[in-house]
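The values are calculated or read from the model by the stated rules, or taken from the named source; none is laboratory data. What you see is a predicted model, and the numbers here were worked out from it, not measured in a lab. Neighbour counts run over all protein chains shown; Cβ positions are idealised from the backbone, glycine included.
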Amino acid sequence: MAQLQRRLPRLPHPGLIAAALVAVALAGPPVHASAPSGSAPAEPRAARALAALPEAPKIGLPEPTASELEDLDAVLGRLRSEDATTRESAATEVLEAKPSWVAAIDRRMNGIADKANRDDMRRVLESARTKARKLEREKLEAAGKRGKVETPDYLSLLVADAQPKNKAWQDMVAVAAMTRMLSTIGSVEAARELIDVHTRFGDFLRVDVQLQLTKMEDKAVAALIEAKKHKAEKIAKWAARHLDSMGKAIPSEAVQTEDHQVLADVLRAYGRVRDPDAARIVISFANTERAQVREAARQAVAMMGEVAGWQLRDSYEDLLGKKPPRDWTWDRTARELFGELDRQRLAQVYALFDEGTKAGNEGKLDAMREAYDKVLTRNPSFEHREEMARGYLELARKKLDDDRPAALAALRRAERLTREPTDKKRIQSLALTLEGEELAEKGIADQVLFNRALELDPDNGRAKDALARLARGETQKKSALGRWAGAVAIALGALVAMLAIALRRGRPEEAGPATQETPRGEGESAPSEGEGESAPSEGEGESAPSEGEGESERAPSEGEGEGESAPSEGEGESERAPSEGDSGEQSESPRSAGEGEDGQSAGDGDSERESEP
């Protein structure tokens, strides 16, 4: 320091030198102005907020409602009836218990456990059980069979051996009925209540509780895992034995289920008991595609706390390839791990969302819909839901008239995604309007849908127009295209009619009616040579025969026409037209112009005139 002061004599104060040295030491190595070639400058890491760990749901049951207690008491009252038919009917109603009855069952079960005489209840049950087994044995012996006697269901044998006046029987049949209700409900809360029945009433109901838990199968596993940490050591050992008998003793076996709700309950149960052997398996479900299971796994990690600390550090290192800092707590490690898992899992989802947003901005609404549909398939609770809802609404408005089913589908998605009450009502109003128009096109004039649409959105002009059309008696909306098509059809029809009239006026009239050709008979000979049709002389024209002029020839009768000779040269007599099977009727053939009374023509040799038909 003294040497430095001597080298820098101009510095006015030695204390400034010491301060400068301290500042240089704290500043660290010098920063070069330019980075070496081939290496990019390091970008500062953007600070990001870490999501908090989710809270686990509480175990406690809610307070039962008055209606739930009333419904439960009604079933139990009929089970205690003195009428056998009523009791049997109530026994079948037990299988129709509702999941919401668990809290009411808990209250009634605790009331019986607090006041009932357990010894009397046990004696009632043993008496009914002995009678039922004896009856079953007699049936086997009567059938000539031997073997193990199966004990009937406790509720059935208690209903059969009814003692409606006995308080212990009333309590016992109520407990048996409620345990079967819990088994039917089949939730983790119901399984906890069943285990509590064994805890409150003792060993004489242990076998029955085990039977009901076995009927619940995998749905009872979570409650039994929690019971392994029961305050009563006896209950904890019993739960462990029952899990072993079910093949669910270790975590890798307990999570083998196809029911996602059961799996979520099992993961949370391991979190509650803070089992370190299950920590690694629980963490492995923290990145599953199933939101329900993923949330339960993270809740379980939060409940385990420090117990899962080293498994969390190992998982972080396996994912990122580096160890987490030593000063990170288990909470920080878990949040960093889950945040990185979400970024990797949602990378494709965000890419699809950006693609859909870009397509929507460019007016490619169909491409936008395809991208948004893929986003919702991968993550139904995507955070940018409002932006997607606006895109779906724009698509629906574009397809209102062209593609009503596509518009309705887009409106349904927009309604589900939006959280704004005003937007939701506007979307619902438009959807009701489209439904009403669809019914109107089928001939069903339903004004209720349009009125409901206006209640939700008074500014819905489309619904107002539809109501006005229905008031005028119109069921379908006339589009501009339909009106133009009608006008064009009318114009074409008028043009065709005008052309037809013009063509008819320009067609020449025919000279007169054509005479029919008279067919030759079999016996007629061809006209002789020299006979021919004489051309009319100048000034001569065809004239119709006058009255009395040229009598019509009689058609020859059968046999008369045969062998008739051809007319001689110069004869102008017209040929007789024989007909097959002539019945004597006369046929007239027109005479040529200028023919006299004797049938001779004015010229040389009148020939037969043939007219074309």
Query - The one condition in (1) more than 27 Å from G461 (Cα to Cα); (2) buried (at least 17 other Cβ atoms within 10 Å of the Cβ) that A389 fails to fulfil - result: (1)
Query raised in the report: How many of the residues in segment 418-447 are without any contact (Cβ under 8 Å) to a residue 40 or more places away in the chain, under 25 Å from the mean Cα position of the chain (by Cα) and in a helix (DSSP H, G or I)?
Result: 19
Query - Selection status of K374, assigned to a helix (DSSP H, G or I), under 30 Å from N287 (Cα atoms) and within 22 Å of the chain's Cα centre (by Cα) - result: yes
Query raised in the report: How about segment 165-194: which of its residues are buried (at least 20 other Cβ atoms within 10 Å of the Cβ), under 18 Å from A104 (Cβ atoms) and without any contact (Cβ under 8 Å) to a residue 60 or more places away in the chain?
Result: D171, A176, T179, S183, A191, L194
Report task. Could you tell me which numbered condition V293 fails, if it satisfies all but one of (1) part of a helix (DSSP H, G or I); (2) more than 30 Å from the chain's Cα centre (by Cα)? Result -> (2)
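Name the single residue, out of those in segment 404-419 being modelled with pLDDT of 85 or more and farther than 23 Å from A351 by Cα, that is surrounded by the fewest Cβ atoms within 10 Å (Cβ to Cβ).
In this case the residue turns out to be P405.
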Query raised in the report: Taking segment 340-386 as the search range and keeping residues that are loosely packed, with under 14 Cβ neighbours inside 10 Å and polar (S, T, N, Q), which one is farthest from K322 (Cα to Cα)?
Result: N361
Requested in this report: Give segment 424-452 a look and list any residue that's among the small types (G, A, S) and at pLDDT below 85, or say none.
Outcome: G436, A440, G443, A445
Requested in this report: Sort out which residues of segment 139-164 are among the acidic types (D, E) and loosely packed, with under 11 Cβ neighbours inside 10 Å, and write them in order of number.
Outcome: E141, E150
Report summary line: For A104, the lone unmet condition from (1) in contact (Cβ under 8 Å) with a residue 40 or more places away in the chain; (2) over 16 Å from M181 (Cβ atoms); (3) in contact with a helix residue (DSSP H, G or I) (Cβ under 8 Å, 6 or more places away or on another chain) is (2)
Query raised in the report: Taking D171 and the conditions (1) modelled with pLDDT under 90; (2) in contact with a helix residue (DSSP H, G or I) (Cβ under 7 Å, 6 or more places away or on another chain); (3) acidic (D, E), which numbered condition does it fall short on, given that it satisfies the others?
Result: (1)
Report summary line: Among residues of segment 310-352 being out of contact with any Asp or Glu (no Cβ under 6 Å at 6 or more places or on another chain) and not in a helix (DSSP H, G or I), the residue nearest to E55 (Cα to Cα) is T329
Query - Breaking point among (1) in contact (Cβ under 8 Å) with a residue 12 or more places away in the chain; (2) farther than 21 Å from G77 by Cβ, for A162 - result: (2)
